[in-house]
Amino acid sequence: MAASVESKLQLVRSHIRAYPDFPKKGILFRDICPILKEPAALTAVIDLFEEHVRKNHQNVDLIVGLDARGFLFGPLLAQRLGIGFVLVRKKGKLPGTTVSVAYDLEYGKAEAEIQEDSMAPGQKVLLIDDLLATGGTLFAACELMKKQQAEVLGCMVVIELNELNGKDKLKPHSLFSLVQY
């Protein structure tokens, strides 16, 4: 990790694209696709997450990625750390026996699930996603971890939208975000 933390953060920020009025009027959508297209920016994201985990969570057993963009960063980070990766998916997307939790969205309800045998009771996990807005999805994933008797060490996102206060919904779990708007 030769480049400084600040230069890596700057590279990440410069590869987040803003789309006004998407998916509807009044929303400013923060797009991570340019990060994925630029290998140096993607490497910077994983470097920053890895540094955070190695410094703060040496005892983590699993990285848990949220459907679908947590799947982009989670496996890369887990591989770097030499630990496993677990999927949290939308209801009906995983084979085998699953555990699910229902949660509220701004526009309705949804369900998230994991495979029942994806982790053992007491395992220490970190959750990862691309963006934290209102916190509903990450909160639901934390509830799934509780059902599985896993210990949530914290949550990590590339982008945090401060004005939506999603961080408050995650308490008492900690949040690490690379970029805040």
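Readers should treat all values here as calculations from the given coordinates under stated rules, not as data from a laboratory. Computed from a prediction, not measured in an experiment: that's the story for all the values here. Here Cβ is always computed from backbone atoms with ideal geometry, including for glycine, and neighbour counts include all displayed protein chains.
Highest mobility in the GNM of the chain, judged by mean-square fluctuation with C-alpha springs under 10 Å and restricted to 49, 139, 22, is found for 22. A crude spin-label estimate for the pair residue 31 and residue 68, with each label 7 Å from Cα along the Cβ direction, gives 1.6 nm. Assuming a ≥ b ≥ c are the square roots of the Cα gyration tensor eigenvalues, decide whether the stretch 5-180 counts as rounded (a/c under 1.5), prolate (otherwise, with a/b larger than b/c) or oblate. Oblate, since a/c reaches 1.5 and b/c is not below a/b.
The loop-placed trypsin sites (Lys or Arg not before Pro) in the stretch 57-166, going by DSSP, that have at most 14 neighbouring Cβ atoms within 10 Å of their Cβ come out as 91, 93.
Note on residue 58 and residue 168: the model spin-label points, each 7 Å out from Cα along the C-beta direction, lie 3.6 nm apart.
Summing Cβ point charges (Lys, Arg +1; Asp, Glu -1) relative to the Cα centre of the stretch 5-180 gives a dipole of roughly 160 debye. Using R0 = 45 Å, the C-beta based FRET efficiency linking residue 79 and residue 21 works out to 0.75. Using C-alpha pairs below 8 Å separated by at least 6 residues, the relative contact order for the stretch 5-180 is 17 percent.
When the listed pairs 24/93; 124/146; 37/93; 90/147; 109/169; 37/91 are checked against a 18 Å cut-off, the alpha-carbon distance exceeds it for 24/93; 37/93; 37/91.
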